[in-house]
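The structure under discussion appears below in the form of structure tokens.
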Amino acid sequence: LARDGGDAECVRPLWMLGCAHEAACELELAADHQHRALALDPRFDPAHECLVRVEERAARPSGALAALETWAEVSRDPHLRARAALRAAEHVLATGDGARARQHLESATREDPELGEAWVLLCDLAADVSEESELRGLCERALGAITPGAHSARIALRLARLAEVAGERRGPAESLAAVSSSTPSQAASRQTRARISAEFSPMPPVKTIASS
């Protein structure tokens with residue numbers, strides 16, 4: 001594969017050789033070939049994906065995190081950048097660095113505003129460190145960005161609970177409106193909405209038995 005000038009035609013063969021080494025559990029050689037491929041084309045997504053996988057299989061979390069952070073910066077595909085940033089946040093959370101994880105999640109939601117997993121995790125982190133008004137604003141942004149489903153239901157539930165704690169009557173209902181119940185394909189969302197509605201519905205009045 002040695003070619004003068006670092007011919008870009010070597011990128012795919014290097015990637016494929018790296019994948020072959022990975023399949024043979026030769027992880028050091030696999031990582032080396034992916035690094036060589038990325039030196040020729042830093043935006044070659046398959047090599048980034050394989051390198052992350054190899055670093056994780058080799059139990060090198062710092063190497064996997066570095067590979068994910070690089071991928072999140074250089075990929076041509078915003079959806080892949082978002083996914084890489086989300087995975088980087090998950091790796092960082094394992095170290096207890098919530099602030100750094102939040103930076104990655106904010107990047108993920110910028111790159112792909114419909115990435116519900118990133119919004120849920122971002123709201124979870126914000127709940128521990130943010131003021132109530134900031135958290136509510138974040139939840140509202142999330143609900144305005146993602147499509148109805150399981151992720152929006154979790155965020156709507158958090159927003160409804162915030163409103164309930166604040167003693168607002170309309171807040172829970174407005175939050176629940178973000179959870180779709182209109183199509184058969186979203187049956188799970190309807191069930192979640194029903195559960196949330198039940199949680200925040202007032203108790204019916206107790207009937208008294210008239211004395212005869």
Original post:
If each of R141 and A39 carries a label point 7 Å out from its Cα toward its Cβ, how far apart are those two points in nm?
Top reply: 4.0 nm
**OP:** Please give, to one decimal in nm, the separation of the simple spin-label points placed at H79 and E114, each 7 Å out from Cα toward the Cβ.
**Re:** 0.8 nm
Original post:
Label-point separation (nm) for A66 and R161, each offset 7 Å from Cα along Cα-to-Cβ?
Top reply: 3.9 nm
**OP:** Compute the FRET efficiency between R57 and T95 as 1/(1 + (r/R0)^6), taking r as their Cβ-Cβ distance and R0 = 22 Å, and round to the nearest 0.05.
**Re:** 0.70
Subject >> Cβ-defined net charge surrounding P113, 12 Å radius [Lys, Arg +1; Asp, Glu -1] >> reply: -2
Original post:
Between E26 and A150, 0.36 nm times their residue separation minus their Cα-Cα distance comes to what?
Top reply: 40.7 nm
**OP:** Can you tell me the dipole magnitude for segment 60-105 around its Cα centre, using point charges on the Cβ only (Lys, Arg +1; Asp, Glu -1), in Debye to the nearest 20?
**Re:** 60 debye
Original post:
How large is the Kirkwood hydrodynamic radius of segment 1-87, in angstrom, based on all distinct alpha carbon pairs?
Top reply: 12.8 Å
Subject >> Positive minus negative residues near L27 (Lys, Arg vs Asp, Glu; Cβ under 14 Å) >> reply: -3
**OP:** Rank-order 101-113, 137-149 by packing density, defined as the average count of other C-beta atoms within 10 Å over each peptide's residues, highest first.
**Re:** 101-113, 137-149
Subject >> Accessible area in square angstrom per residue, segment 1-109, 1.4 angstrom probe >> reply: 51 Å²
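The values are calculated or read from the model by the stated rules, or taken from the named source; none is laboratory data. Please read these numbers as outputs of a predicted model, since none were measured by experiment. Virtual Cβ from ideal backbone geometry, glycine too; neighbours counted across all protein chains shown. SASA here: full protein model, heavy atoms, side chains in, ligands and nucleic acids out. Shrake-Rupley method; radii C 1.70, N 1.55, O 1.52, S 1.80 Å.
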